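The values are calculated or read from the model by the stated rules, or taken from the named source; none is laboratory data. Not measured: the values here are computed from a predicted model. Note that we place each Cβ from the backbone using ideal geometry, even for glycine, and neighbour counts take in every protein chain shown. Ligands, DNA and RNA are stripped out before the accessible areas are found, and what is left, the full protein with its side chains, is counted by its heavy atoms. Shrake-Rupley method; radii C 1.70, N 1.55, O 1.52, S 1.80 Å.
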Amino acid sequence: MYSPNAVASPLALPRPLTNRNSSASNAMLLLLPQVLPPPTICSHCLRRLTTYTRRPFSSTLHPLRSLDAVSLHVPSLLPRSRPKWHSQYFFSNGYLRADAGDSGKHTHTRDGSTTPMREPALLPHRRRQRQQKLCEGVLSPHTTTAGANQSTAVTAMQLPPDASSLLSTTSSQQTSSWKRALYSYLALTKPRLTALIVLSAMAPYALFPVDPLLSDVPTLSALTLTFLTVGTALSSSSANAFNMYLEPTYDRQMSRTRNRPLVRGLLTPRQALVFAAATGLLGVGSLYLGVNPAVAALGGINIVLYAGVYTPLKRISVVNTWVGAIVGGIPPLMGWAAAAGNVQGVDSTWSSTLSHSGGWLLAGLLFAWQFPHFNSLSWGIRDEYRRVGYQMMVWKYPALNARVALRYSLLLFPICFGLWATGVTDVGFLVDSSAVNGWLVREAWAFYSKGGEGGNAKRLFWASVWHLPVVMGLAMVHKEGLWRGVWESIVGGAEEEEHE
C-alpha cells in the first residue's frame, strides 16, 4: 500500500511500498503506445487514481488536472501535462489507417516495436485494371495501392487517345518506309471524324424524297453517291490536315494529341501542308465533276471554315464552338444537294438544290447534336484546355457549357417533328425519335443539374455517340413512302398474277 503522505496530496506521485505479501495477481500492465516499457501499478492505487480523475458531465468545460500530475510514462515528482497519445496507436489497423488518410508506413505493437503496414486489398475490378496497366507498362510493379487507385482515378477522368495518335504509334512500329508513310498520312486525316462526316453526308442523300412520276430518274445514282463519298472524305481529310499543320505547338501540350504525326516528327510541316492542299483540290474537284457545283462550293467553304476560322478562333473566343457546329452541319446539306441535283439533272441550280426544307432540317440536326456531344467530351480535358489557352466554355463558363448542352438537346424534338411535317419521314419516326431524344435530354439534364462529376459527363457523351446513328437509321427506316412502296410491290404483284 501507499504511505499516508502520498495519498493526502493528489499532486504527489504515489510510490509503491515494497511489501513482500504483494503478489503478481494484484498487478496489471497499462499498455501504452510508447517505446519505453509501461510502469507497473497495483489495482488498488489505480482505483484511487480513477476516483480523483472522475468528473461529472457538468464539469466538461473545466477539466481536472489530477491526471496531469501523474506521469504514466516516466516516474517523476514534477507535474506534467496530459500524456500525448501517438496517432498511430488508434490507426494500427491498416484499413483504418487508409480510411483516415494516414501516411504512416508502420504499426505499433504491444511491446512497442513496429511492423510494416499491410496495404488494403484491391477490389476485383481494381486488380484487373492494375494487372492490365502492369502489362501495358503504365504502372511499375512497385507502385503502391494508393498510387494505383490515384492513377486509375486520374485515367478515368482523361479521354482515350484519338485515332490519329493511335495511327502514329502504329506508324512508328513499322519497319517498311512506305508503311510508315501510309500510316502517318492516314493519321493526318483524323479517320474517325472523317468517317462520321462521310456518313452524315450519305444519310441525307438516301433520305431525299424521289417521286418516279415527277422525275426522269426514279432512283438515285450510285455513281453520284460514289463521287459524293470520295469527295467528302478528301475534303474532310484536307481540313483536318490543315488543322494539324497549324496546331503542332498546342497539340504537344495535350494528352490526347501529343502523339500526332507532326508532334512526333513522323512528318514534316511541309509534307503535311502539301498533303492538305492536294487532298483539298482533289476533293473539291471530285465534287464539282462528279456531283454538282453547289456541293463542291459547300465542300470548299467547309475547309475554309474549319481550317481558317474555327482553328484560330479556339484561342480567341468561345464562339468557336458554334463555328465548329456549323462546320458539322454542312455535310448533311451537301448530301441533300447532291441528291437534289441528281434528280433535277441539268436543270439544277443553287436555289433549286437547296430549296427543300428537309436538307436544312438535317443540317440543323447535326448542328444541335454537336453541343451535347462536344460539351460533355470537353469536360474531361477542361484543365488541359485551360493550360493550353483554348477558349472553351467548359472551363471559362461551366454553367453555360451545361446549359447549352441541355438547350440544344431539347431542340432535337422540334427538328425531328419538322422532318415528319415536311414529308421526309413518316409518323413512326416521330414516335421512335422522341424516345431516343428523351434519353439524350435526360442525360443532358443530369449534366446540367449535377455537373460532370459522378460520371454524368461520360454518360451524356456516350448517349450522344449512340444518339446520332440511331436517329439517322430510324429516319431511313421511316422514310416517307418506303413501306408503302414495299407493300404495293407485294400486293400489286399478287393482284397482277391473279388478273393474268
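A few points about this structure:
- Portion, in percent, of the accessible area of the range 235-347 that falls on carbon or sulfur, probe 1.4 Å: 65
- Cα-derived Rg over Rh, computed across the range 356-492 with Rh taken as Kirkwood radius: 1.10
- Loop-located chymotrypsin sites (Phe, Trp or Tyr not before Pro) in the range 421-456 whose Cβ has at most 14 other Cβ within 10 Å (DSSP): none
- Computed from phi, the 3J(HN,Hα) profile of the range 255-272 under the Karplus parametrisation 6.51, -1.76, 1.60 (θ = phi - 60°) reads 5, 7, 10, 6, 9, 6, x, 6, 5, 7, x, 6, 9, 8, x, 5, 4, 5 Hz, with x in place of Gly and Pro.
- Residue-wise HN-Hα couplings along the range 370-379, as the Karplus relation 6.51 cos²θ - 1.76 cosθ + 1.60 with θ = phi - 60° gives them from phi, are 5, 6, x, 6, 6, 5, 6, 5, 6, 5 Hz; Gly and Pro carry x.
- Residues whose amide H comes within less than 5 Å of that of THR425, counting only those at least five positions distant or on another chain, are TRP420, GLU480 (H built at 1.01 Å from N in the peptide plane).
- Where Rh is the Kirkwood radius over Cα pairs, Rg/Rh for the range 246-354: 1.07
- Three-way shape label, the range 169-350, alpha-carbon gyration tensor, a/c 1.5: prolate
- Remark: for residue pairs LYS396/LYS458; LYS190/LYS458; LYS314/LYS479, the C-alpha separation exceeds 27 Å in LYS314/LYS479.
- Distance between the modelled labels on VAL431 and ARG386, one decimal in nanometres: 4.8 nm (7 Å Cα→Cβ projection).
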